[in-house]
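The values are calculated or read from the model by the stated rules, or taken from the named source; none is laboratory data. Note that the structure is predicted; figures quoted are calculated from it, not measured. When we count neighbours, we look across all protein chains shown, and the Cβ atoms used for this are built from the backbone with ideal geometry, even at glycine. Areas reflect the complete protein model, heavy atoms only, side chains present, ligands, DNA and RNA absent. Shrake-Rupley method; radii C 1.70, N 1.55, O 1.52, S 1.80 Å.
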Amino acid sequence: MEQVLDLYEQPYDADYPVVCLDESPKQLLDYETFITSTGQRCRDSEYVRRGVVELFVATEPLRGWRCLTVEADHKAATWVQFVARQMDSTYREAKKVHWVMDNLRTHKRSFFYAHFPPAVAQAYLRRMDITYTPAHGSWLNMAEIEFSVLSRQVLDQPFTTSEQVRHVVEQWQDRQNARPKPRNWQFKTADARIKLAKLYPTS
């Protein structure tokens with residue numbers, strides 16, 4: 001926990017950006033519709049499941065920037081490709097990227113070697129530092145804030161296809177990035193040692 005909080009206290013540095021990553025599923029549902037006697041179209045409570053898509057987000061809290069993609073799954077290969085794309089584009093010039101993410105079984109450095117030649121995997125990992133949130137501490141990942149806002153503003157409706165989800169997510173992302181609002185994280189290590197004292201070892 002303190003490793004994450006210490007990162008959040010660092011001033012913004014484009015050469016060493018702090019980037020929070022998270023994933024969230026979105027179920028695709030196809031609802032039946034019917035026309036009432038008054039001619040109004042209504043949605044029935046019956047629906048057909050059309051699968052699930054996975055939303056990935058990488059967000060820089062101090063810059064107020066985010067990148068969202070809609071993927072078919074959240075397998076290790078999908079995670080590796082998502083991170084690699086960010087390293088090759090947005091963070092191409094960064095000396096080292098400090099990633100914050102939860103400790104899922106798919107979020108392992110070794111998977112870079114499973115999906116890239118050794119020299120390529122090593123080059124990526126030399127420019128990356130991964131800090132995992134502790135068990136039951138996913139609230140420490142500021143990427144969850146992005147999903148919370150996204151869900152309230154545009155995802156609180158049914159979607160039938162991944163293309164529909166991708167369309168609204170990309171529009172939301174572009175609007176947010178056009179008027180960036182840096183996150184002002186207030187919970188610091190000193191606060192944790194007081195408010196979460198019961199989590200610390202005692203003699």
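Specify whether the C-alpha gyration tensor of the chain places it in the rounded, prolate or oblate class, a ≥ b ≥ c being the square roots of the eigenvalues: rounded for a/c under 1.5, otherwise prolate if a/b is larger than b/c and oblate if not. Here the chain falls in the prolate category. Heavy-atom accessible surface of V168, to the nearest 10 Å², is about 30 Å², with a 1.4 Å probe and all protein chains retained. Counting only protein heavy atoms and using a 1.4 Å probe, what share of the accessible area of the chain belongs to carbon plus sulfur, as a whole percent? Taking all protein chains in place, the chain shows 50 percent carbon and sulfur surface.
Averaging the sequence gap over all C-alpha pairs within less than 8 Å and six or more residues apart, then dividing by the number of residues, gives the chain a relative contact order of 28 percent. Between the helical axis of 76-88 and the longest alpha-carbon principal axis of the chain there is an angle of about 70 degrees.
Only DSSP H runs of four or more residues enter the estimate; each adds -39500 (n - 2.57), and after division by the residues of the chain the mean residue ellipticity at 222 nm equals -10000 deg cm²/dmol. By DSSP, the beta bridges lying fully in the chain are antiparallel in about 70 percent of cases. Between T38 and Q157, the C-beta separation translates, for a Förster distance of 35 Å, into a calculated FRET efficiency of about 0.90.
Starting from the Cα gyration tensor of region 111-164, take the square roots of the eigenvalues, sort them a ≥ b ≥ c, and report rounded, prolate or oblate (rounded when a/c is under 1.5, otherwise prolate if a/b is larger than b/c, else oblate). Oblate shape, in that a/c is at least 1.5 and b/c is the bigger or equal ratio.
Against the main long axis of the alpha-carbon atoms of the chain, helix 162-178 sits at an angle near 50°. Using a cut-off of 26 Å between alpha-carbon atoms, which lysines can reach K96, once sequence neighbours fewer than 8 places away in the same chain are excluded? Filter leaves K75, K108, K181, K188. Residues within the reach of a label modelled at L104 (point 7 angstrom out along Cα to beta-carbon, backbone nitrogen below 20 Å), restricted to region 169-201, are 169-170, 173. Ordered from highest to lowest accessible area with the whole protein assembly present and a 1.4 Å probe, L140, L29, L199 read as L199, L29, L140.
If I fit a long axis through the Cα atoms of helix 143-153 and take the longest principal axis of the Cα atoms of the chain, what angle between them do I get, 0 to 90°, rounded to 10? Taking Cα atoms only, the helix is inclined about 20 degrees. Run the simple label-point estimate for Y12 and L196 please: 7 Å along Cα→C-beta, distance reported in nm. Taking the two extended label points, one gets 2.6 nm. Oblate is the label for region 103-203, because a/c, from the alpha-carbon gyration tensor with a ≥ b ≥ c as root eigenvalues, is 1.5 or above and a/b does not exceed b/c. The slack between W139 and A72, meaning 0.36 nm per residue of separation minus the straight C-alpha distance, is 21.6 nm.
Heavy atoms of the protein chains alone define the surface here; on that basis the chain has 58 Å² accessible area per residue at 1.4 Å probe size. In a simple Cβ point-charge model (Lys, Arg +1; Asp, Glu -1; nothing else charged), the chain has a dipole of about 340 debye relative to its Cα centre. Amide H contacts of D102: T133, each under 5 Å away and 5 or more positions distant or on a separate chain (H built 1.01 Å from N in the peptide plane; Pro and chain starts excluded).
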